[in-house]
């Protein structure tokens, strides 16, 4: 017989993180053995109320029969993690765990080695993340922060590393499209790069703004994401010209960054000399076209396209591109 896959837990409430474990287990093996914590074991590690064993077993069985028809599984009562029939009696198997339980799995293998048993093959499954970038966990569902699928019960809190109204509005618009209602606030932070960044300094500036923004607290609620937006100039040797690109960095509370950028465009040749002299695009536009503070309006792209494309369009596109890995997190967290 092929090696069975082993999964353990309380599974109360049953959420998408748990379901990812079962999905991996059934991909690996024809038989899945499940250690379901007893009432005494479940309550020993928690202060919250836990549904009784029979109800949890019935609910879990119903889910598995419905989701994996024709697949074999066995649910065993687990009173102590190192001393259950699943751990003691089978000769070999896959131990399927979430990424935060790796040490527990290693300890199980230490116990098996002590008794002369073959070590389990440990299979780690990445956390399934909620809409705020934090793992879906039963405690969070129980507290009412999220539902079993990771949807937030309260508006998402986002801090932007800028007080530029256009940037804040762009972040609000993009996040609303992806995450629903959000609470967005801008904070004055230092980008750590020159006012007119060139090349990779643009990405550094966006990252610094995002990191410093998430450290800010909005009326007692920590931000779920920090967002940094930085416009920079990139010299493109193939066309021998500068391109203006808006870069966005988004960081969550786990310190994970995602990046995106807007479409790029070239400036008139009159810009090249002042750019090389270190002038900011905003200063150049003010000098050449007598338009002040264009960065807080429709931007240079607005002037150059007669407002057919505005700076907000570019900012929104940059934020949306940085959100792509968070929209399809299952594809990016493998």
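The values are calculated or read from the model by the stated rules, or taken from the named source; none is laboratory data. These figures come from a predicted structure and were not determined experimentally. Virtual Cβ from ideal backbone geometry, glycine too; neighbours counted across all protein chains shown.
Of all the residues that make up the range 220-231, how many are in a strand (DSSP E or B) and touching a strand residue (DSSP E or B) at 6+ places or on another chain (Cβ under 6 Å)?
Of the residues in that region, 8 qualify.
Limited to the range 117-133, what total is found for residues that are assigned to a loop (DSSP other than H, G, I, E, B), within 18 Å of the chain's Cα centre (by Cα) and modelled with pLDDT of 90 or more?
Residues in the range 117-133 being assigned to a loop (DSSP other than H, G, I, E, B), within 18 Å of the chain's Cα centre (by Cα) and modelled with pLDDT of 90 or more: 4 in total.
Would you confirm, using the coordinates I've provided, whether residue 39 is in contact with a helix residue (DSSP H, G or I) (Cβ under 8 Å, 6 or more places away or on another chain) and at pLDDT below 95?
The answer is yes for residue 39.
Hey, any hits in the range 294-306 for a residue that's at pLDDT 85 or above and part of a loop (DSSP other than H, G, I, E, B)?
Taking every residue of the range 294-306 in turn, at least one turns out to be at pLDDT 85 or above and part of a loop (DSSP other than H, G, I, E, B).
Can you pull out every residue in the range 154-168 that is touching a strand residue (DSSP E or B) at 6+ places or on another chain (Cβ under 6 Å) and free of Cβ contacts under 8 Å to residues at least 40 places away in the same chain?
If the condition is that a residue be touching a strand residue (DSSP E or B) at 6+ places or on another chain (Cβ under 6 Å) and free of Cβ contacts under 8 Å to residues at least 40 places away in the same chain, then 155, 163, 168 are the ones that fit.
Considering the range 3-21 alone, what residues qualify as being surrounded by fewer than 20 Cβ atoms within 10 Å (Cβ to Cβ), in contact with a strand residue (DSSP E or B) (Cβ under 8 Å, 6 or more places away or on another chain) and assigned to a helix (DSSP H, G or I)?
Within the range 3-21, just 20 meets the criteria.
Here's the yes/no breakdown for (1) modelled with pLDDT of 95 or more; (2) in contact with a strand residue (DSSP E or B) (Cβ under 8 Å, 6 or more places away or on another chain):
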{"residue": "218", "(1), (2)": "no, yes"}
{"residue": "257", "(1), (2)": "yes, yes"}
{"residue": "261", "(1), (2)": "yes, yes"}
{"residue": "270", "(1), (2)": "no, no"}
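So which residues in the range 148-171 are buried (at least 17 other Cβ atoms within 10 Å of the Cβ) and not in a helix (DSSP H, G or I), if there are any at all?
150, 152, 156, 157, 158, 159, 160, 161, 162, 164
Using the structure shown, decide if residue 252 is at pLDDT 85 or above and either more than 24 Å from the chain's Cα centre (by Cα) or on the phi > 0 side of the Ramachandran plot (or both).
no
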